[in-house]
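Comments concern the structure below.
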Amino acid sequence: MAHGAGPRGQRVILALETSCDDTCAAVVSEHGELHSNVVASQGLLHARYGGVVPEVASRRHLELVDAVTADALERASIGLDDVATVAVTRGPGLIGALLVGVSSAKALAATRRLPLVPVDHLHGHVVASTLEPDPIEPPYLCLVASGGHTFLARVDEPSAYQVLGQTLDDAAGEAFDKGARLLGLGYPGGPELDRLAREGDPDAFAFPRSAPGQLDLSFSGLKTSLLYAVRSLGEAQARQRGADLAASYQRAIVEALVQRARIALEREGLERLAIGGGVAANSELRADVERLGVAVWVPALELCTDNAAMIGAAARFGDPLDYPDYLGLDAAARIA
Ligand code: KG4
Ligand code: ZN
């Protein structure tokens, strides 16, 4: 096999992602074929604290990153000598967590004098659907709803995206997690609330919707009204009506997301929609976007939640830094 060439002679990118609580590595070809996608989730580690503890996350990334990288190479049936480019999430995210990925990626690239592509995590979510075997073609609208971010982006070229609207307070996943906590469900609450909601009546409680017509979103008022509903019902009643509360609350979040997507599609004249982020796993959201009347891309769940495959996908459209220019590269908790 030629140097820098992976399976079937393709040039491949080794991508790392450690922006939050998942340690991820993936091998992606420059044409967008996915050869491996490894995620070591720290979910259980943080569950006992009810949320991600940044210091705990960084330490765990340090313990896992080498093994996860080796696993990604092995599953792609390649070695480091077959890698053409290294890619890594530079931000946004938890700074200590990001630093582990950035330092590892620099070390991996520097030993082979390979180019390094720093990637914006959000760009990764936006282009996750451009991977083979069914890549979305621009122009398209992307709705990203995760535990950390919720926004709508217009994509005309896969190298960039334009944010059309975003949450002004909590992310949609955060709204799910906080709602789940109020209903006494475990962490992360999104999947549990989704499950419970299937047994409930979504019209049982009237939760507020943020002002229609805008592309920005707000979930903090919704969370507060769930809190008031739970309080006024009292503990026993609230438990008994848990499924109705969950269904009504979920309906309010999903309606807000789908309505913004509908407005953006119409306003921008777009006919393709991709969704991403952990909330894309939500069963009601998945069903509702299919009714928007446009072609919809919902990537496999492991490409919706945080992963390095999407970082490799974005790296194909990014600007590689040559050795040794990237040695001074820093992680960035926020990206302007
Ligand atoms: O993208 P992601 O894995 O990472 C972070 O942003 O950290 O998203 C995780 C979020 C969590 O808030 C989780 O509760 C939510 O996605 N989530 C869901 C579902 N599955 C995961 N929310 C609603 N319904 C689901 N089925
Ligand atoms: Zn993410």
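Structural remarks
- Out of 149, 125, 121, sole residue that is within 20 Å of residue 176 (Cβ to Cβ) and open to solvent by 40 Å² or more (accessible area, probe 1.4 Å): 149
- For region 131-151, a residue qualifies if it is within 16 Å of ligand 2 (Cβ to nearest atom) and part of a strand (DSSP E or B), and the qualifying residues are 142, 143, 144, 145, 150, 151.
- Remark: residue 260 matches the filter, which requires a residue to be surrounded by 15 or more Cβ atoms within 10 Å (Cβ to Cβ), at pLDDT 95 or above, within 20 Å of residue 170 (Cβ to Cβ) and basic (Lys, Arg).
Okay, residues lined up against (1) in contact with a helix residue (DSSP H, G or I) (Cβ under 9 Å, 6 or more places away or on another chain); (2) more than 13 Å from ligand 1 (Cβ to nearest atom):
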residue: 283; (1), (2): yes, no
residue: 292; (1), (2): yes, yes
residue: 302; (1), (2): yes, no
residue: 312; (1), (2): yes, yes
residue: 322; (1), (2): no, yes
residue: 334; (1), (2): no, yes
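- Within region 130-170, being closer than 15 Å to residue 280 by Cα and not hydrophobic (A, V, I, L, M, F, W, C) holds for 146, 147, 148, 149, 150.
- Only residues that are farther than 13 Å from residue 199 by Cα and surrounded by 20 or more Cβ atoms within 10 Å (Cβ to Cβ) were counted across region 230-247, and they come to 1.
- Candidates 263, 253, filtered to the one that is within 16 Å of ligand 1 (Cβ to nearest atom) and either in contact (Cβ under 8 Å) with a residue 12 or more places away in the chain or under 23 Å from residue 200 (Cβ atoms) (or both): 253
- Filtered by the rule that a residue be aromatic (Phe, Trp, Tyr) and either within 12 Å of ligand 1 (Cβ to nearest atom) or closer than 24 Å to residue 19 by Cα (or both), region 131-157 gives a lone residue, 151.
- Scanning region 34-55 for residues that are closer than 14 Å to residue 181 by Cβ and of a type in the set (Gly, Ala, Ser) yields 47, 50, 51.
- Qualifying positions in region 152-165 - among the small types (Gly, Ala, Ser), away from ligand 2 (no atom under 15 Å from the Cβ) and open to solvent by less than 60 Å² (accessible area, probe 1.4 Å): 160, 165
- Residue within region 34-50 that is more than 25 Å from residue 133 (Cα to Cα), touching a helix residue (DSSP H, G or I) at 6+ places or on another chain (Cβ under 7 Å) and within 16 Å of ligand 2 (Cβ to nearest atom) present: yes
- Failed item, numbered, when residue 307 is tested on (1) away from ligand 2 (no atom under 16 Å from the Cβ); (2) surrounded by 19 or more Cβ atoms within 10 Å (Cβ to Cβ): (1)
- Cross-chain or 6+ apart pairs with Cβ under 6 Å, region 49-73 first and buried (at least 16 other Cβ atoms within 10 Å of the Cβ), then basic (Lys, Arg): none
- Verdict on residue 128 being within 14 Å of ligand 2 (Cβ to nearest atom), in contact with a helix residue (DSSP H, G or I) (Cβ under 6 Å, 6 or more places away or on another chain) and over 30 Å from residue 221 (Cα atoms): yes
- Region 158-174, subset in a loop (DSSP other than H, G, I, E, B), within 16 Å of ligand 1 (Cβ to nearest atom) and out of contact with any strand residue (DSSP E or B) (no Cβ under 7 Å at 6 or more places or on another chain), residue farthest from residue 254 (Cα to Cα): 169
The values are calculated or read from the model by the stated rules, or taken from the named source; none is laboratory data. Source: prediction; values computed, not measured. Using ideal geometry, Cβ is built from the backbone for each residue, glycine included, and neighbour counts are taken over all protein chains shown. Note: areas computed on protein heavy atoms with side chains; ligands, DNA, RNA excluded. Shrake-Rupley method; radii C 1.70, N 1.55, O 1.52, S 1.80 Å.
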